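Notes follow the structure.
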Amino acid sequence: MFNYEKIHTRKPDGIENRQAYLLGGGIGSLAAAAFLIRDGHMPGKNIYIYEQSDILGGSMDGAGEWETGYTARGGREIEPHFECFSELFSFIPSIKEPDRTVLDEFYELNEKEPILSNCRLVENQGKVADSSSLGLTIDQAMRLGKLVMTTEEALGHTTIADFFDENFLQTNFWYFFETMFAFEPWHSVVEVKRYMQRFMHMIGGINRLEGLLHTEYNQYDSLILPLITWLDEQGVVFKSGCEVTDIDFDISDNRKKATGFWYKKDGKEVQQKVSEQDIVMFTNGSMTQNTTRGSLHEPAILNRSTEKGCFSVWEKIAAKSPNFGHPEKFCSDVDKTKWMSFTITLKDDEIVFPYLEELQKNPTGMNGLVTIKDSNWLLSWVVPKDPHFRNQPENVKVLWAYGLLLDVPGNYIKKTYAECTGQEMFEELLYHMGLKDRISEILEHTINVIPAMMPYITSQFMPRVAGDRPDVIPEGSENFAFLGQFAEVPDDCVFTVEYSVRTAMMAVYGLLNLEKKVEPVYPSWYDVRVLATATKTLLGVNHLPLDQIPLGKLLQKSELSKFL
């Protein structure tokens, strides 16, 4: 955001003799590796990424073959002021055009095919619902204003249901907000405050998803694959099939040094020693940890295991220092942190996609999220840009959907969302789309519907206070940092790819003592133009009646008065 500060860093003394161990293979570690190479001047061969699965990318996934069906657990929403995200992909080459960057092709796509929803809400089996206003009363709008003005310390463990009444949770504004970001009433209202501040510049177009960006393919194919390809070319060492189980520290006089870590490989316990000059970065939680998948005829069974991967490692190391956070706040109640998505693969479809293009009044990929207001499961769907996978044949289509309410019976299928097979989920969705009478025809062209049950997908939203999420570089740490959604980044929003990339930049620049500054969070809530637009939108007015308040006299015949 500040071009003056986009300097080229000097090579740190002795960097070629240092090693970096990145524990976890999500976007946080991948971004950290990229910044270590570009800004830290560390040779790629000195960087090791340890990952339990055979696939890198963490929660930004997308996989499958058309014959058996595709699956993507979800896509993180992206907007133009993701400063660290844009910085990262500004130097990662495109796979299609290696002389262009991922950011180049991403920008060109969204200039050519911008998301602008003409159908944000539906009800009554496929009838487009009015989404022209946020539906807030003055009192409700003022309540949102109070939330933004209240400090996080004062809010503490307050939940959404504690702060807002039931009528507020039935407004169009809340339908837009909760389904875009997957908020539940028992989640922390502090996170809603952060979202209100961080994305205040988008409030004016929230009913049409104006300003949201999308990728050419699913986010693995469009973002993770080019990043992995570049890191591989730089010599980064990927250690797949390695389950990290613990991290050793030397802690004394508030000084903290990682001295080694343990991992399982092929059933054997292995210890990796870490020297004083080496660095360790650990992704201390995963939204998609312990995911299970179903199929057309099988439900996805909730994994309640006490073995929680990176969360379990975090629990072990949290006992070693009070500066390492409190994981129990986030991963102790899967019934409050779970939700499900499902991916639908159709072949030779001549019903669903033509129908949805007509319903949404938008070409494929340009409408964004559609929410069903009267769905018992609070279902939403997305028609992604076609094709959604690089290997997807022309006659195959992919549709993605999710629901927020897992434990109530459906409107059409009289089973809970969590109990349903992929086919039953699809039938419920088709009913709400207005295609009830054509379900049997559509199923004849359905290759697969793959549900994904994610026990911890909203765990980062659980009520917490300062210190529950550890600092990216904990107090006194000399060679260790946390990465990802469960490290603390002031002012930024969890459940975004920007958050993970920002932690990577903070960790690399901080541990290597680089002179380059981390891109600041876009401060839209301090911009009077943004505040005015947001206020007018929330109040549902075209101008602010300054003549009714004392300030109006001071601003008479001023540019600000005309603007407001």
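Can you sort 412, 417, 526, 220 by 1.4 Å-probe accessible area, starting with the largest? All intermediate terms of the calculation are to be shown ahead of the outcome.
Values: 412 80, 417 0, 526 175, 220 40 Å².
Final ranking, largest accessible area leading: 526, 412, 220, 417.
Would you mind getting the accessible area per residue of the chain, heavy atoms of the protein chains only, 1.4 Å probe, in Å²?
41 Å²
Over the Cα atoms of region 28-94, compute the convex hull volume and normalise it per residue, giving Å³.
Given the Cα convex hull of region 28-94, per-residue volume reads 136 Å³.
Show that you can apply the helix-only estimate: for the chain, add -39,500 (n - 2.57) for every DSSP H stretch of four or more residues, divide by all residues, and state [θ] at 222 nm to the nearest 500.
-7500 deg cm²/dmol
Nearest 0.05, what FRET efficiency do residue 107 and residue 63 give at R0 = 35 Å with Cβ-Cβ as r?
It comes out at approximately 0.85.
Using a basic spin-label model with each label point 7 Å from the Cα along Cα→Cβ, how many nm lie between residue 411 and residue 213?
3.5 nm
Whole Å is fine, so just give me how far the alpha carbon centre of region 96-156 lies from that of region 465-520.
26 Å
Compute and list, largest first, the equivalent-ellipsoid semi-axes of region 318-412 from the alpha carbon gyration tensor, each √(5λ) rounded to a whole angstrom.
Over the Cα atoms of region 318-412, the ellipsoid semi-axes are 36, 19, 12 Å.
Any idea what the alpha-carbon Rg over 2.2 N^0.38 Å comes to for region 151-256?
Dividing the Cα radius of gyration by 2.2 N^0.38 Å gives 1.62.
Report, in debye and to the nearest 20, how large the dipole of the chain comes out about its Cα centre when Lys and Arg carry +1 and Asp and Glu carry -1 on their Cβ. Display every interim value, and only then the final one.
Details: 55 positive and 80 negative charges, 206 e Å.
My answer is approximately 980 debye.
By how many nm would the segment from residue 444 to residue 5 grow when fully extended, if each residue of separation counts as 0.36 nm and the alpha-carbon distance is taken off?
Stretched fully, the residue 444-residue 5 segment lengthens by 152.3 nm.
Just want the answer: with Cβ charges of +1 for Lys and Arg and -1 for Asp and Glu, which residue in 50, 34, 15 is farthest toward the dipole's positive end in region 1-88?
With unit charges placed on the Cβ atoms, the residue in question is 15.
Can you give me the relative contact order of the chain as a percent, contacts being Cα pairs under 8 Å and 6 or more apart? Please report the intermediate quantities before stating the final value.
Details: 1156 pairs, mean separation 135.1, N = 564.
This gives 24 percent for the chain.
Between residue 276 and residue 54, what FRET efficiency follows from the Cβ-Cβ distance if R0 is 51 Å, with the result rounded to 0.05?
Approximately 0.95, to the nearest 0.05.
Assign unit charges at the C-beta atoms only (+1 for Lys and Arg, -1 for Asp and Glu), then state the dipole size of region 203-264 relative to its Cα centre in Debye, rounded to the nearest 20. Walk me through the numbers before you get to the answer.
Values: 6 positive and 10 negative charges, 40 e Å.
Here region 203-264 has a charge dipole of around 200 debye.
Tell me, what HN-Hα J-couplings in whole Hz come from the Karplus equation 6.51 cos²θ - 1.76 cosθ + 1.60 at θ = phi - 60° for each residue of region 156-163, using x for Gly and Pro?
Each residue of region 156-163 in turn: x, 8, 4, 9, 4, 5, 5, 8 Hz.
Please express the shape of region 426-499 as an equivalent ellipsoid: the semi-axes are the square roots of 5 times the eigenvalues of the C-alpha gyration tensor, given largest first in whole angstrom.
Equivalent ellipsoid of region 426-499: 45, 13, 10 Å, largest first.
Could you tell me which residue out of 470, 70, 91 lies farthest along the dipole of the chain toward its positive end? Charges go on the beta carbon: Lys and Arg +1, Asp and Glu -1, centred on the Cα centre.
470
Output ³J(HN,Hα) for region 529-538: one whole-Hz value per residue in order, computed from phi by the Karplus curve 6.51 cos²θ - 1.76 cosθ + 1.60 with θ = phi - 60°, and x for Gly and Pro.
With coefficients 6.51, -1.76 and 1.60, one gets 5, 5, 4, 5, 5, 5, 5, 4, 5, 5 Hz.
Given 106, 489, 365, which one lies farthest toward the positive end of the charge dipole of the chain, if we put +1 on the Cβ of every Lys and Arg and -1 on the Cβ of every Asp and Glu?
Of the options given, the answer is 489.
So what is the orientation-averaged projected area of region 44-188, using the convex hull of its C-alpha atoms, in nm²?
Working: hull surface 60.3 nm².
Mean orientational projected area (region 44-188, Cα hull): 15.1 nm².
Using mean Cβ contacts within 10 Å as the protection proxy, how do 267-275, 196-204 order, highest first?
196-204, 267-275
Tell me, how many Å apart are the Cα centres for region 195-219 and for region 349-380?
18 Å
Residues with amide H under 5 Å of residue 101's amide H, sequence separation 5 or more or different chain, H placed in the peptide plane at 1.01 Å from N; which?
94
About the Cα centre of region 147-277, what is the dipole size in debye to 20, counting +1 per Lys and Arg Cβ and -1 per Asp and Glu Cβ, all else neutral?
Working: 12 positive and 21 negative charges, 64 e Å.
Using only the charged Cβ atoms, the result is roughly 300 debye.
In the full protein assembly as shown, how much of residue 361 is accessible to a 1.4 Å probe, in Å² to the nearest 10?
Approximately 120 Å² for this residue.
Between residue 264 and residue 234, how high is the FRET efficiency from 1/(1 + (r/R0)^6) when r is the Cβ-Cβ distance and R₀ = 35 Å? Nearest 0.05.
FRET efficiency, residue 264 to residue 234: 0.80.
Can you give the alpha-carbon Rg of region 225-343 over 2.2 N^0.38 Å, where N counts its residues?
Output field value: 1.29.
Please report, as a whole percent, how much of the solvent-accessible surface of region 407-469 comes from carbon and sulfur atoms (probe radius 1.4 Å).
Whole-percent figure for carbon plus sulfur exposure: 46.
Among the aspartates and glutamates, which have Cα under 15 Å from the Cα of residue 415 when same-chain residues fewer than 8 positions away are ignored?
Partners found: 298, 407, 424, 427, 428.
Quick query: amide H of residue 278 versus all other amide H atoms, modeled in the peptide plane; which residues come in under 5 Å with a sequence gap of 5 or more or a different chain?
Amide H neighbours of residue 278, under 5 Å, 5+ apart: 19.
Rounded to whole Å and sorted largest first, list the principal axis extents of the Cα atoms in region 109-166.
Here the Cα extents, ordered largest to smallest, are 43, 34, 22 Å.
Which pairs in the list 11/516; 257/320; 265/308; 112/536; 193/517; 239/268 are over 19 Å apart, alpha-carbon to alpha-carbon?
The answer is 112/536; 193/517.
The values are calculated or read from the model by the stated rules, or taken from the named source; none is laboratory data. The model shown is predicted, which means the values in this text are computed figures rather than measured ones. Glycine gets a Cβ as well: all are built from the backbone with ideal geometry, and neighbour counts include every protein chain shown. Ligands, DNA and RNA are stripped out before the accessible areas are found, and what is left, the full protein with its side chains, is counted by its heavy atoms. Shrake-Rupley method; radii C 1.70, N 1.55, O 1.52, S 1.80 Å.
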